[in-house]
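To keep things clear, I will list the structure first and then write my remarks on it.
The values are calculated or read from the model by the stated rules, or taken from the named source; none is laboratory data. Keep in mind that what you see is a predicted model, and the values were worked out from it rather than measured. Positions of Cβ are backbone-derived with ideal geometry, glycine not excepted, and every protein chain shown enters the neighbour counts.
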Amino acid sequence: MKNKTLTLYALAYLAFLYVPVLVLPIFSFNDSQFIAFPLSGFTTRWYAGLAADSAMQHALINSLKVGLTTALLSTLLGLMAAKAVTRYRMRGTGAIMAFISLPLFIPDIVLGISLVLLLGTVGLPLSLAAVVLGHLLVCVPFSLTVLVARFEGFDKNLEEASADLGEGSWMTFWRVTFPLMLPGIIASLLLTFITSFDEFLVAYFLSGTEATLPIYIWGQLRFPERLPMVLALGATILTVSVALVVLAEYVRNLGVKKPMVGA
Amino acid sequence: MSFLAITNVNKSFGGPAVVNDVSLDVPRGEFFALLGPSGCGKTTLLRMIAGFETPDSGTIAIDGEVMNAVPPNLRPTNMVFQSYAIFPHLNVFDNIAYGLRKLKLPKNALRAKVETMLATVRLEGLGGRAADQLSGGQRQRVALARALVREPKILLLDEPLGALDKRLREVMQLELRAIQRKIGITFVLVTHDQEEALSLSDRVAVMEGGKILQVATPRTLYERPASRAVADFIGEMNFFHATVREIGETATVNAGVLGILSLPAANLAPGIKVGDHILLAIRPEHVGFAASGVAGEIATSTFLGERSHFHVRLPGRSEPVAVSGHAPPSGAVHVVFPPEKLIGLPV
């Protein structure tokens, strides 16, 4: 009896989580401008419309540019910070970690407004570069968390062994640290790319005249007749995002089963 | 200056001294051991020789060259880590070849060099094996080969046999000794296992609390420890309080429950004078059972195969005397302390 209740609860919970998401793909294939049941037939014309929409493609390319740059920079910065906090005897590593992670807990809208004010004060124009800077604030904590965990998973003696065997710090990084960190680095790239690609508020404040994809979608919502196409776009983004997150998790767990320490 | 010269080296990590004014001289080709309990500073000393830590003061010189400012990658030393630190992303061959990159050897010369080293550590044919498919003993051999292939002036070994089971450890001890004899380079071994230190090394430094208590051959450490701390660390020893009465050819001491004893004056530690309060020390296997002597009673008896171990209670002494030997006739016994086996240590 009790088990049945729990099962029902679990099913209801899952429905609550995923039914809203399913609305997107369902209506993106519905052959009607109006988002309402009953469904009126199957079509792929909204997807075909996407392929022909040059403004959408421009926004997509902007988002890819911002996402890739953010992912690379954030992972690089995260890698350096993670190495510093895990490898060197320093005072205040706890405080450093906390300060780097703090932007995660600042509401994006506050972050967006303060960045606009800051850019205005120092006289920098709103641009995609400004969006990258904003996204870095949000993404570096993700990179740091993923990479610190990976650093802690391998024996510090491995880097010492490399030094002992004649390699300086640069070659030690390339021959030992980098290959062993690679799954963490790839996971960090994927996670930060997704985060930046999906981010709306900070981009909305900082992008100026160049729209990223979420901003483009927001703009399209004013036109009811374009709504099915937005749904098609949303469904596509959703599919790719989920795929990337699953991939990131898979890569991050690579090699975890085998112990990475030397013993 | 000796081959490895450590002079007045101090190191602390912001707290009390971990290595406290240590000086050591190790000649070329010696198998030298640093022996002590965990936290005695032996690993820190080894890491300073390797270059992973810098002395706060004092110098470390190898073959006449002061090493203090030389980073680990430029030192003529190589290390076998306690965890072995086998690179998990490389196979056995690439692990061993790791330190040869700068030599820029042609491919077949490199291969030949690594193969020779694989044979030296008896891992022939395992070059293609992945790092995670090695047993504990094989990992140990790879770590050894990877260090030796660079032909260091000094090989440093940090508790190299600690992770192995007893039988494998005994096999590897013999092999380590054989390899060291064969290639003739200086080995510095860190261990907390006194048996390992005694059986492998030409000389042993016993460390405690960051200081060196005694440096001597294994036999001297065992037979003539310089202090109670050393005697306690190397095997088991019985101690009796005594007072020196006379010193001539022989020394006469009043040893309480053991009575008045005469022992060779050479058995007293240097610096002991008439009237001094001292510790008389004797190993369990040198204490004997006899028909007459100090009367006692066997408190415990443990059968160990070729010999047995006893605790004998003496009247007027709370601590039992450890005796190692063959079982006496049962019941009350007499124990004897051959004077030539007694040594006098400062309290």
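Here is the figure for region B:303-340: residues that are of a type in the set (Ser, Thr, Tyr) and within 18 Å of B:His286 (Cβ to Cβ) total 2. If the condition is being within 22 Å of A:Ala248 (Cα to Cα) and over 16 Å from the mean Cα position of the chain (by Cα), then region A:62-99 contributes A:Leu79, A:Met80, A:Ala81, A:Ala82, A:Lys83. Remark: pairs (first residue in region B:190-203, outside the structural domain of B:Met172 (by TED's automatic domain parsing); second residue among the aromatic types (Phe, Trp, Tyr); Cβ separation under 9 Å; 6+ apart in sequence or on different chains) are absent. Restricting attention to region A:207-226, which residues are among the aliphatic types (A, V, I, L, M), surrounded by 18 or more Cβ atoms within 10 Å (Cβ to Cβ) and out of contact with any Ser or Thr (no Cβ under 8 Å at 6 or more places or on another chain)? Result: A:Ala211, A:Ile217.
With the requirement that a residue be more than 7 Å from chain A (Cβ to nearest Cβ) and of a type in the set (A, V, I, L, M, F, W, C), what does region B:56-84 give you? Scanning region B:56-84 gives B:Ile60, B:Ala61, B:Ile62, B:Val66, B:Met67, B:Ala69, B:Val70, B:Leu74, B:Val80.
Okay, residues lined up against (1) within 14 Å of chain B (Cβ to nearest Cβ); (2) free of Cβ contacts under 8 Å to residues at least 60 places away in the same chain:
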| site | (1), (2) |
| --- | --- |
| A:Arg175 | yes, yes |
| A:Leu180 | yes, no |
| A:Ser188 | no, no |
| A:Phe193 | no, no |
| A:Ser207 | no, no |
| A:Arg222 | no, yes |
| A:Arg226 | no, yes |
| A:Ala243 | no, yes |
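Restricting region B:299-339 to residues that are within 26 Å of the chain's Cα centre (by Cα) and of a type in the set (D, E, K, R) leaves a set whose member that is nearest to B:His241 (Cα to Cα) is B:Arg307. If only residues of region B:123-168 that are of a type in the set (Val, Ile, Thr) and under 14 Å from B:Asp94 (Cα atoms) are counted, the one that is surrounded by the fewest Cβ atoms within 10 Å (Cβ to Cβ) is B:Val149. For A:Val140, the criteria (1) touching a Leu at 6+ places or on another chain (Cβ under 7 Å); (2) of a type in the set (Val, Ile, Thr); (3) under 28 Å from B:Arg150 (Cβ atoms) hold in every case but one, which is (3). Every test in (1) outside any loop (DSSP other than H, G, I, E, B); (2) free of Cβ contacts under 8 Å to residues at least 24 places away in the same chain; (3) of a type in the set (Ser, Thr, Tyr) is passed by A:Thr70 save one, and that test is (2).
Output the residues belonging to region B:122-134 that are within 12 Å of another protein chain (Cβ to nearest Cβ) and either of a type in the set (Gly, Ala, Ser) or farther than 19 Å from A:Asn157 by Cβ (or both). Correct list: B:Ala130, B:Ala131, B:Gln133.
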